[in-house]
Each structure stands twice: as structure tokens, then as C-alpha cells.
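Chemist: Submitted below is the structure of interest, expressed as C-alpha cells.
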Amino acid sequence: MAGVVESLPKEYGYVALVLVLYCFINFWMAGQVGRARKRYNVPYPTLYAAESDNKDAKLFNCIQRGHQNSLELMPIYFMLMVLGGLKHPCASAGLGALYVFTRFYYFKGYATGDPQNRLKIGKYGFLALLGLMICTISFGVSLILG
């Protein structure tokens, strides 16, 4: 194992730290959903509240959806960070940090109950993902071309 770690660029540590930062924001979002379940009376295992049964359904569903969307994109984000960071650790860490920052505002905007608010700052997260894709493509091409 020591040989693997020694072969990584030392800046890869930034990639690891940014990935952990995303874990923290994910836990925070999960906590927000848990609090919203209590506040808006949406018991487990109900994933989304029915508007016919709950006057606060839209607000709860927006909070839930903000977290759910982040979970849906998490595997893509992690894969792009881990692979793209092998060749471009600083760029990947910077783009990854931008993604985490925009995910926070994506969630906060969604949690207002107006889904359009998620895009004010949150939309820039997709640019960060695009940058991470470019880093990963560069890594893949460099492996193929040797």
C-alpha cells in the first residue's frame, strides 16, 4: 500500500480533503431533511409528502429533493474527482471545492420552497463537473497514449 500512496502526486491530498468536505455537506443536508421531517410531520419511510395530505408538502419535498439530487450526483462527482485528480490534483481539488460550494447554495435555494432558487448559484456546479470531466478525460487519454 505504501508504494501506491508514494506514487500519487503529493497534491492529491487536496483531492482527498475536498472529498471529505463533500461528505460533511452531505451529512449536513441529511440533517436538514431529518429536521424538516419533524417540522412538517413527514414520518419515515415516506420519501416525499403528498400535497393532498400535508399543507407543507411542497416545502418538505423541495428540501428532500435538494438532498436527493445531491445524492444522485455524488457517485459521478466522486469518480471524476478520484480519477481526474490523479493527473490534475490541484485543478480537480479547486473544481471539486467549487462544486461543494455550489451544492450548498443549490440546496439552500431549493429549501426555500421555490425550485428555481436552486439555480441562482447552484447552476455553476455543472461547470465544475464539466471541468472535472475534462480532467478525467485528460487522465484517460494520457494512459492510452502512454
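The values are calculated or read from the model by the stated rules, or taken from the named source; none is laboratory data. Bear in mind that the values here come from a model prediction, so they are computed numbers and not experimental data. Glycine also receives a Cβ, built like all others from the backbone with ideal geometry; neighbour counts cover every protein chain displayed.
Chemist: Could you pull out the residue among Y124, Y110, Y105 that is buried (at least 20 other Cβ atoms within 10 Å of the Cβ) and of a type in the set (F, W, Y)?
Modeler: Y110
Chemist: Right, here's the next one. Only one of these is in contact with a Leu (Cβ under 8 Å, 6 or more places away or on another chain), assigned to a helix (DSSP H, G or I) and within 20 Å of C23 (Cβ to Cβ): L71, L95. Name it.
Modeler: Exactly one residue qualifies, and that residue is L95.
Chemist: Might you check whether a residue that is aromatic (F, W, Y), outside any helix (DSSP H, G or I) and either at pLDDT 95 or above or over 17 Å from the mean Cα position of the chain (by Cα) (or both) occurs anywhere in the range 129-145?
Modeler: Checked the range 129-145: no residue is aromatic (F, W, Y), outside any helix (DSSP H, G or I) and either at pLDDT 95 or above or over 17 Å from the mean Cα position of the chain (by Cα) (or both).
Chemist: Among the candidates K120, K58, K108, which residue alone is more than 30 Å from V4 (Cβ to Cβ), more than 17 Å from the chain's Cα centre (by Cα), part of a helix (DSSP H, G or I) and charged (D, E, K, R)?
Modeler: None of the others qualify; the one that does is K58.
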